[in-house]
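Heads up: the structure comes next, in structure tokens.
None of the figures in this text is laboratory data; all of them are computed from the coordinates on show. This one's a predicted model, so the numbers in the text were calculated from it and none came from an experiment. Neighbour counts run over all protein chains shown; Cβ positions are idealised from the backbone, glycine included.
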Amino acid sequence: MSYVIDGIEQLDAEELAVLLKEENDTIVIDVREYDEYDQAHIPGIPLIPMHTIPQHVEKLEKSQSYLFICRSGSRSQQVALYLKEQGFDDVKNFAGGMLTWDGEVESGLEWVVKDVKELDGNEG
């Protein structure tokens, strides 16, 4: 059941699984480090490591809906808070992170985002 912390909606694993199956406009982004993503990530979810978010923020659409994923939900919460401070209204966090994900995972560097323009039309 979703809840809110510091103005950021928190989704659990079941809610994330539903969101990923539905047709929607939410862009889901993994913000862990390369090695963490390489070991196991949710298929089809792009990687933008947390430390690189500031260099991409100007290119992200403020009207877009985003959900962030990390290992435990802490770094992704920080990214959501940072974007909220930058004027983004629809940002969410995957509470519990990959530690709570029991769905399908893949290994390898499937989709490392170099330019956020890669996100256009690839989610949902």
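Annotations
- This model, with +1 at the C-beta of Lys and Arg and -1 at the C-beta of Asp and Glu, gives the stretch 14-124 a dipole about its Cα centre of some 400 debye.
- When exposed loop sites are taken as GluC sites (Glu not before Pro) in a DSSP loop with at most 16 other Cβ atoms within 10 Å, the longest stretch of the chain clear of them is 62-103.
- Note that the stretch 39-50 has calculated 3J(HN,Hα) couplings of 5, 6, 9, 6, x, x, 9, x, 9, 10, x, 3 Hz, one per residue in order, obtained from phi through the Karplus relation 6.51 cos²θ - 1.76 cosθ + 1.60 (θ = phi - 60°); glycine and proline are x.
- Hydrodynamic radius of the stretch 3-113 per Kirkwood, over alpha carbon pairs, in Å: 13.8
- At full extension, Glu85 and Glu33 could sit 16.5 nm farther apart than now, given 0.36 nm per residue minus the alpha carbon distance.
- Counted charge near Ala13, where neighbours are those whose Cβ lies closer than 14 Å (Asp, Glu -1; Lys, Arg +1): -2
- Cross-link partners of Lys21 among lysines (Cα-Cα below 21 Å; sequence separation of 8 or more within a chain): Lys92
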